[in-house]
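What follows is a short report on a single structure.
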Amino acid sequence: MHVSQQIITLARLVILTLVPYVLAAQGTMLGGRAGVFSVAQEGIMLVSAVVGFLGAYYTGSLFYGALLAMLAGGLVGLAFAYFTTTLKMDQFVIGLALFFATAGLSTLIYKIAIGVTLKPPLIPTLQDIPIPLLERIPFLGDILFRQNVFVYFTIFLSVGLWYLLYRTGLGLEIRSVGENPLAADSLGVNVTLVRYATTIVGGMLMGLAGAYLPMAYTGTFTEDIVRGRGWLSIALTYFGGWAPHTIFLAALFFAGVEVFAFRAQVTGIGIPYQFLLMLPYIATILVMIPGFRWAREPAFLGKNYDREKRGIS
Amino acid sequence: MGTHLVSMQGIRKTFGDVVALDNVDFHLEKGEIHGLLGGNGAGKTTLMNVLYGLYQPDAGKIYIRGQEVRIRSPRDALAHGIGMVHQHFLQVPPFTVVENIVLGTLPKLRATTHLEEEIGKIRALAERFGLEVDPLARVEDLPVGVRQRVEILKVLYRGVDILILDEPTTNLTPQEVDALFQSLRFMVDQGLSVVFITHKIREVMAVCDRVTVLRDGRNVFTVSLKETDEETLVRGMVGEQLDVATSFLFSGRREEARPRSFGPPRVEVEDFAVMGDDGTLAVDGCTFHVRAGEIFGLAGVAGNGQRELAEGLMGLRAVARGRAHVNGIPVQEGATREILNSGVAYIPEDRLEDGFLPRASVAHNLILGYHTRPPYRKGWFLDWRLVFQTAWDLIREYNIRTRGPHDIAANLSGGNIQRLMLARAFAHPMKVLIAHNPTRGLDIPSMEFVYRKLLEQRAQGVAILLISEDLDELLLLSDRLGAMYEGRILGILEHPPFDKYVIGRMMAGIPAETR
Ligand SMILES: Nc1ncnc2c1ncn2[C@@H]1O[C@H](COP(=O)(O)OP(=O)(O)O)[C@@H](O)[C@H]1O
Ligand SMILES: [Mg+2]
């Protein structure tokens, strides 16, 4: 194989790897910018992976599968918003509880629907859809524009969220709720609505991240399909400084190191594989140390707003 | 009721067991500046938060322009033309001035890159009311006085005609207060009506047309300024809890009460510098001394290094430069125990965070810091009988509302926590006292009590460093008065009477002219 061909293959792999990280981290970021901090990503991704898989299996359409997965993620987001924003319960505790609940639910759903079989059911994986004209750009065309629809959506989403948050009136309102909800409330911004909406949409994005896994990688559902990607998306949200564009770059970096480590493992350049497995995490931590200096989290992150309570609860 | 612009009737509001408002009436007329006067905790803020939709009343009716209304949220209040400027700025610090002002008024998908029209409108308003600001500045970079103007512009921008200002002069220099009063006059001339919340009678006399006095969540009276005088207002504010005639707080300075001679310096500070939390020098070269038997006042807008100075002198922060001696002890980080043991009392600014153990008992808290010394310590153990006896005495003397020394301290309210800290500081013999905002949040009788205690200690030869954001308090008590700005002391006035405008200039960063 040509060297350039090899680079293209690796780069394509990096792009395919970063999709679930970006989706889940953008979902985390969106709720967080309004002050709602979820730690249920891992569970939401699991349950929506199974819902997306079964949906696609029974309807025969990946599109409907993905839609159902988003619905599942959105419902968990709604539950999270209800417990924290309406009932003012501790966000971390509720996030953990929802993680356990959804993670348990995912295996249950699969067992009820499929049971134990020797031959697990399969769904077709995502097709590459080349984009006319753009696909012909040398290098970039192969890497970016002959990919599956999730890849396009992920890029579009990251740009779109950036525009929404930093360039529109709505974005100003969302960010103000995560910084100082009392200030936002006192100017007539509907704090509850903003927190519900961002949490639900955030949950839908996490759901999409979950659905991507069987649809792009395996074609089947297994209990360990998420493999900590949900937890990592939290770290990437911090690493990405709670902003859509830098989260994308952070995920790109992490996916790059992961693909490199995987390659090194396969080609076997004499480095113990345990170390290679650790490499992405170590590299991320090393980059995060200076990264944390500029990364500023929303001032009201993880707190609940109660108009009549003094201070913060 | 058709004649009033705003009419609140029989308003009641409780928070748990606390009755914040009990059957309160309030009427605002068009084109007036209506003072809402009362001590801390009187219910002024609560009443106006009800009008602004932030609190839902338990009972009572609100009429606006003769119509009965229900105000469920600030959004409703704004729709009725009511705007409120809160005592603690409700701003988003990383946003620019224009972003803070237009927040919530833009169409959802309106691009925020082209706000020329909005900026023009803000500029015009700023000009009209004498509230100069740079619309593109980031709010977190602005000094307090300018942030205050941003708050007012925020509500004017929404075209309100009823403006509520909650203690707007907190942390303004005297010059800025004058400018604010002028702007308020412009506003009523242009048809606005203003509710002006304050606990300072002087401000009511200076700017209001009428005044409603609240005490303990109840109406005392409403009068026109033409038909009242300071004495009546004072009595209205404090009721029977305080003998106004003999009060120090309302008597102004009494020269005969001050000692004519001072002892040797007990606090000596030379080119002292202390690092702030953000890694820059929060205190950057302070030089002053405090002698036995004097009160050295230190004025300044909050956040100019006062807190770091106090903590630095108590050995709670690393000294970055220079030298300081407190009660003869060389100051360095970690010398806190030694400094305290030598007879230094410290009243920290943030009483909920520093020097207070919410999970420990009231008695524990009352002897905290003194517990390693006699008389409380007997050999290896604490003399509990003495501790509890002392605690009971202090609870009584300082009027701390608690179930007793055994109760956990977290059950105390803010004002009572403060009394506890004061009791602890004043109950033990001392040579030096460092007090930071000792009366913030206290009601008037408690303030009077603190002032008397300070004077008592001074008469006994204690050297007192009084750091305060309340300029009136400093003018009343200080023997010498300095002002702090950005970590430096810009000047020290050596003896009363002090010119508050000179201090105000120093608080704004303009050094005192050398005379
Ligand atoms: N959000 C709240 N939660 C609990 N208690 C409150 C709250 N707001 C005010 N209070 C209590 O109500 C009383 C009146 O407070 P406030 O209206 O702030 O007084 P003022 O503004 O006159 O100083 C005080 O006892 C205060 O502790
Ligand atoms: Mg108040």
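In table form, for the structure just shown:
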quantity	calculated
Condition met for B:VAL207 (touching a helix residue (DSSP H, G or I) at 6+ places or on another chain (Cβ under 8 Å) and surrounded by fewer than 20 Cβ atoms within 10 Å (Cβ to Cβ))	no
Qualifying strands (runs of 3 or more DSSP E) (wholly inside region B:33-106; at least 1 residues being within 16 Å of ligand 2 (Cβ to nearest atom))	B:33-37, B:82-85
Given (1) modelled with pLDDT of 95 or more; (2) in contact with a Ser or Thr (Cβ under 6 Å, 6 or more places away or on another chain); (3) under 28 Å from B:THR439 (Cα atoms); (4) open to solvent by 10 Å² or more (accessible area, probe 1.4 Å), number of the condition B:LEU36 does not satisfy	(4)
3 or more residues closer than 30 Å to B:PRO264 by Cβ: qualifying helices (runs of 4 or more DSSP H) within region B:333-440	B:336-341, B:414-427
Qualifying residues in region B:4-32 (those that are without any contact (Cβ under 8 Å) to a residue 40 or more places away in the chain and away from ligand 2 (no atom under 15 Å from the Cβ)) - the one nearest to B:ILE71 (Cα to Cα)	B:GLY16
Which listed residue, of B:LEU394, B:LEU340, is within 26 Å of B:PRO445 (Cβ to Cβ) and surrounded by 15 or more Cβ atoms within 10 Å (Cβ to Cβ)	B:LEU394
Those residues of region A:122-181 which are β-branched (Val, Ile, Thr), touching a strand residue (DSSP E or B) at 6+ places or on another chain (Cβ under 7 Å) and within 14 Å of chain B (Cβ to nearest Cβ), in sequence order	A:THR168
Residues that are more than 12 Å from chain A (Cβ to nearest Cβ) and either open to solvent by 10 Å² or more (accessible area, probe 1.4 Å) or not aliphatic (A, V, I, L, M) (or both), drawn from region B:47-61	B:ALA59, B:GLY60, B:LYS61
Condition broken by B:GLY217, with the remaining ones in (1) more than 16 Å from ligand 2 (Cβ to nearest atom); (2) more than 18 Å from the chain's Cα centre (by Cα); (3) more than 21 Å from B:ILE510 (Cβ to Cβ) satisfied	(1)
Given (1) farther than 28 Å from B:GLN457 by Cα; (2) open to solvent by less than 70 Å² (accessible area, probe 1.4 Å); (3) free of Cβ contacts under 8 Å to residues at least 40 places away in the same chain, number of the condition B:GLY239 does not satisfy	(1)
Check on A:MET89, assigned to a loop (DSSP other than H, G, I, E, B), at pLDDT 95 or above and either more than 15 Å from A:MET206 (Cα to Cα) or not polar (S, T, N, Q) (or both)	yes
So A:TYR305, is it within 19 Å of the chain's Cα centre (by Cα), on the phi < 0 side of the Ramachandran plot and either at pLDDT 85 or above or not polar (S, T, N, Q) (or both)	no
Failed item in (1) at the interface with chain A (Cβ under 10 Å from one of its Cβ atoms); (2) within 15 Å of A:ALA183 (Cα to Cα), with B:GLN87 passing the rest	(1)
Filter result for B:ALA77 (surrounded by 15 or more Cβ atoms within 10 Å (Cβ to Cβ), modelled with pLDDT under 95, in contact with a Leu (Cβ under 9 Å, 6 or more places away or on another chain) and in the same structural domain as B:GLU151 (by TED's automatic domain parsing))	no
Filter pass, B:THR169 being in the same structural domain as B:ALA42 (by TED's automatic domain parsing), within 16 Å of ligand 1 (Cβ to nearest atom), hydroxyl-bearing (Ser, Thr, Tyr) and open to solvent by less than 60 Å² (accessible area, probe 1.4 Å)	yes
Members of region B:11-21 found to be modelled with pLDDT under 95, assigned to a strand (DSSP E or B) and away from chain A (no Cβ under 14 Å), listed by number	B:VAL19
Residues satisfying the stated conditions in region B:96-108, i.e. under 17 Å from A:ASP185 (Cβ atoms) and more than 7 Å from chain A (Cβ to nearest Cβ)	B:ASN100, B:ILE101, B:VAL102, B:THR105
Scope region B:113-146; condition surrounded by fewer than 19 Cβ atoms within 10 Å (Cβ to Cβ) and within 14 Å of another protein chain (Cβ to nearest Cβ); matching residues	B:THR113, B:HIS114, B:GLU117, B:ARG138, B:GLU140
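The values are calculated or read from the model by the stated rules, or taken from the named source; none is laboratory data. As the structure is a prediction and not an experimental result, all values here were calculated from the model. We place every Cβ from the backbone using ideal geometry, glycine too, and count neighbours over all the protein chains shown. With ligands, DNA and RNA removed, areas are computed over all heavy atoms of the protein, side chains included. Shrake-Rupley method; radii C 1.70, N 1.55, O 1.52, S 1.80 Å.
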